[in-house]
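The values are calculated or read from the model by the stated rules, or taken from the named source; none is laboratory data. Just so you know, these numbers come straight off a predicted model, no measurement behind them. No Cβ is skipped: glycine too gets one built from the backbone with ideal geometry, and neighbour counts run over all protein chains shown. Only protein heavy atoms, including side chains, enter the accessible area calculation; ligands, DNA and RNA are left aside. Shrake-Rupley method; radii C 1.70, N 1.55, O 1.52, S 1.80 Å.
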Amino acid sequence: MLTLIYAHPYPLHSRVNRALRQAVDDLQGVRTRDLYTLYPDFHIDAAAEQAALAESQIIVLQHPMRWYHTPALLSLWFEKVLAYGWAYGHDAAGQRVQALQGKRLLWTVTTGGAQAAYGRDGYNQHTVHEMGAPIRQTALYCGMEWLEPHIVYGTGQLDTVTLAEAARSYRNRLVELLGGEA
């Protein structure tokens, strides 16, 4: 089972994240948790989110880059769902817990800027991998396996053909993670 945590604050205005999501919506074994649809009031049901994660072997975080990090609701999701005593730390009996131990995490992020904008010589001065360090460290701290991120650059400049190829590539990546069963 793969759980896709989808966090786009303006999904009706999204062309690329919508195309990526639609490319995988029909895959067997994929369950999508659309945070902005589920929690428009930002009142996250941590128990429901934890239950979804507990049933999954693979977790995918899909979102656009927003001011060099995740959208606000996804940041709150981390705080509420990846709680002490469940995702890390100790339970009431003093036993160490890591409910996500051994699960695989794929970070899927889209950027408005071209790939050249992300690097020492680009206007962002850092790579997307560097900007994703807090997400990677969170995954590792919770005992998860960090997978090579799936990044789609230059979303505002993608033509129809390139967008379709990006969606196919994403679908193929998830199919591969699911063991090749489409």
Among E55, E49, the single one that is farther than 21 Å from T155 by Cα and surrounded by fewer than 16 Cβ atoms within 10 Å (Cβ to Cβ) is E55
Taking segment 29-38 and keeping only residues that are surrounded by fewer than 18 Cβ atoms within 10 Å (Cβ to Cβ) and either over 26 Å from G154 (Cα atoms) or at pLDDT below 95 (or both), one is left with G29, R31, L38
Taking segment 69-97 and keeping only residues that are in a loop (DSSP other than H, G, I, E, B), in contact with an Asp or Glu (Cβ under 7 Å, 6 or more places away or on another chain) and surrounded by 14 or more Cβ atoms within 10 Å (Cβ to Cβ), one is left with V97
Review point. Yes or no: P134 open to solvent by 80 Å² or more (accessible area, probe 1.4 Å), in contact (Cβ under 8 Å) with a residue 40 or more places away in the chain and not acidic (D, E)?
Key: yes
Within segment 1-28, the residues that are touching a residue at least 60 places away in the same chain (Cβ under 8 Å), within 13 Å of I59 (Cβ to Cβ) and in a loop (DSSP other than H, G, I, E, B) are A7
Of the residues in segment 98-136, those that are in a loop (DSSP other than H, G, I, E, B) and of a type in the set (S, T, N, Q) come to Q98, Q101, T111, N124, Q125, T127
message = Take the conditions open to solvent by 40 Å² or more (accessible area, probe 1.4 Å), in contact (Cβ under 8 Å) with a residue 24 or more places away in the chain and among the charged types (D, E, K, R) and apply them to R66. Does it pass?
response = yes
| message | Can you find a residue that is modelled with pLDDT of 95 or more, out of contact with any Phe, Trp or Tyr (no Cβ under 9 Å at 6 or more places or on another chain) and of a type in the set (A, V, I, L, M) anywhere in segment 88-99? | response | no
Selection from segment 105-130 of residues buried (at least 18 other Cβ atoms within 10 Å of the Cβ) and either of a type in the set (D, E, K, R) or under 14 Å from the mean Cα position of the chain (by Cα) (or both) yields L105, L106, W107, T108, V109, T110, T111, V128
Scanning segment 1-28 residue by residue, those open to solvent by less than 30 Å² (accessible area, probe 1.4 Å) and either small (G, A, S) or more than 15 Å from the chain's Cα centre (by Cα) (or both) turn out to be A7, S14, A19, A23, L27
When L140 is run through (1) at pLDDT 95 or above; (2) surrounded by 17 or more Cβ atoms within 10 Å (Cβ to Cβ), the failure sits at (2)
Checked segment 148-182 for anything open to solvent by 70 Å² or more (accessible area, probe 1.4 Å), of a type outside the set (G, A, S) and in a loop (DSSP other than H, G, I, E, B); matches are E148, D159, E181
Worksheet item: Does A48 satisfy being assigned to a helix (DSSP H, G or I), of a type in the set (A, V, I, L, M) and under 21 Å from L82 (Cβ atoms)?
Response: yes
